[in-house]
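The values are calculated or read from the model by the stated rules, or taken from the named source; none is laboratory data. Source: prediction; values computed, not measured. For neighbour counting, all protein chains shown are included, and Cβ atoms are generated from backbone atoms with ideal geometry for every residue, glycine included.
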Amino acid sequence: MARGLVIAAPNAFKGTATASKAAAAIGHACWEVGLDCVEIPMSDGGDGLIEVLGGANRTTTVTGPLGDPIDAAWQLRGGTAVIEMATASGLVAAGGTEANDPIGASTTGTGELIDKALDAGATRIIVGLGGSATTDGGLGAMRAVTALARARRVEIIAACDVETTFLDAAEIFAPQKGATAAHVKLLTRRLERIAQMYSEEFQIDVRNLPGSGAAGGLGGALAALGARLTSGVELVADELDLFDHLEAAELIITGEGRLDATSFAGKVVGGVAEIALDAGVRCVAIVGDEAPGWRDDLTDHQRRSAADHLEVMSMSELVGNEHAIAQPLDAIETAARLVLTGS
């Protein structure tokens, strides 16, 4: 049985439980068995970033990914703005893959949110890059920022959920946004032209920057504005003081809805497992289910840095898939109790 401090650091279980509720379920299991727990709900910079950082307190009508007006929630506290590009330029906002226009979808609304944050006096802007409908290289956002010089004077942090580079954004992610093979070729050529434009205008080569391909190249556009591209997992861990608790921790419990190879490519489970490994702390992931053969799709580095260190508990195997979906918080708590007690 675990005896020391437990850190509950799950991602959202998409469609069933927010990260905060999942962390609370793990925390309740700790309370039941008499263990101290610190709840640190996590995000990789995609959906849920604002929620784990305290929730939205502003809403602005901006241009949606397909050009229609859309109400986008964001946060401004103490001079720091937090923006999720998915709220303004996301695939869900576009109506999903089949409704999306993979060529025309634009990050304009995200740029409008950045502009609004600047007008409101933000001196630090965190932009979460995940869940995008777009592969416009961030050009829509760049054009929507009315005073680029002003934007370059504030601290902009791009929270990336992938390490993909700029010119690979179309090939890797555009098919998920509705692009055909012909679209991918067209979009890649467009990204090449946009990268050249950024190089000429801002004197920065965004093509090979890790994370520059996040959100269809929005990462590269923000880098051209002077943004720091960083792991969304590490940013959230730092913002919520996860690192401060590691010395006292005996166990970290993370989790997500479905575990597969992508969980170790900039996502929460892999990122938390790597943090735990570096700190010498046991790490367990509670997941809805596991993709068959996911370990076979990992790189050697992903295995060594995270996956080989991680223990996995599948809720669908533990309580059955139907219960795991219908009662996710109960399933998470049941799984956490088993992790903590071994029975």
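Once segment 259-293 is narrowed to residues that are under 20 Å from the mean Cα position of the chain (by Cα) and over 25 Å from residue 128 (Cβ atoms), the residue that is surrounded by the fewest Cβ atoms within 10 Å (Cβ to Cβ) is 289.
Filtering segment 138-153 to residues that are among the hydrophobic types (A, V, I, L, M, F, W, C) and out of contact with any helix residue (DSSP H, G or I) (no Cβ under 8 Å at 6 or more places or on another chain) leaves only 149. Any idea which residue in segment 300-316 is farthest from residue 271 (Cα to Cα), counting only those that are touching a residue at least 24 places away in the same chain (Cβ under 8 Å) and not in a strand (DSSP E or B)? In this case the residue turns out to be 316. Looking across segment 62-88, just one residue is more than 17 Å from the chain's Cα centre (by Cα), crowded, with 23+ Cβ neighbours inside 10 Å and touching a residue at least 60 places away in the same chain (Cβ under 8 Å), and that is 65. Set side by side, the residues 56, 93, 105 differ, and just one is part of a loop (DSSP other than H, G, I, E, B), in contact with a helix residue (DSSP H, G or I) (Cβ under 9 Å, 6 or more places away or on another chain), more than 17 Å from residue 134 (Cβ to Cβ) and not assigned by TED's automatic domain parsing to the domain that holds residue 281, which is 56.
Could you check segment 30-61 and list, in sequence order, the residues that are more than 20 Å from residue 272 (Cα to Cα) and either of a type in the set (D, E, K, R) or surrounded by 23 or more Cβ atoms within 10 Å (Cβ to Cβ) (or both)? Correct list: 32, 58. Every condition in (1) farther than 16 Å from residue 7 by Cβ; (2) in contact (Cβ under 8 Å) with a residue 12 or more places away in the chain holds for residue 254 except the one numbered (1).
Taking residues in segment 216-245 that are within 21 Å of residue 86 (Cα to Cα), and partners anywhere that are assigned to a helix (DSSP H, G or I) and among the basic types (Lys, Arg), the pairs with Cβ atoms closer than 8 Å and at least 6 places apart or on different chains are 216/177. Take the residues in segment 142-157 that are touching a strand residue (DSSP E or B) at 6+ places or on another chain (Cβ under 8 Å) and either part of a loop (DSSP other than H, G, I, E, B) or among the acidic types (Asp, Glu) (or both), then tell me which one is farthest from residue 233 (Cα to Cα). Among them, the one singled out is 154.
Selection within segment 185-224: residues that are over 20 Å from the mean Cα position of the chain (by Cα) and among the hydroxyl-bearing types (Ser, Thr, Tyr). The member of this set that is nearest to residue 164 (Cα to Cα) is 188. When we screen 187, 251, 222 for residues that are assigned by TED's automatic domain parsing to the domain that holds residue 305, buried (at least 22 other Cβ atoms within 10 Å of the Cβ) and at pLDDT 95 or above, the only hit is 251.
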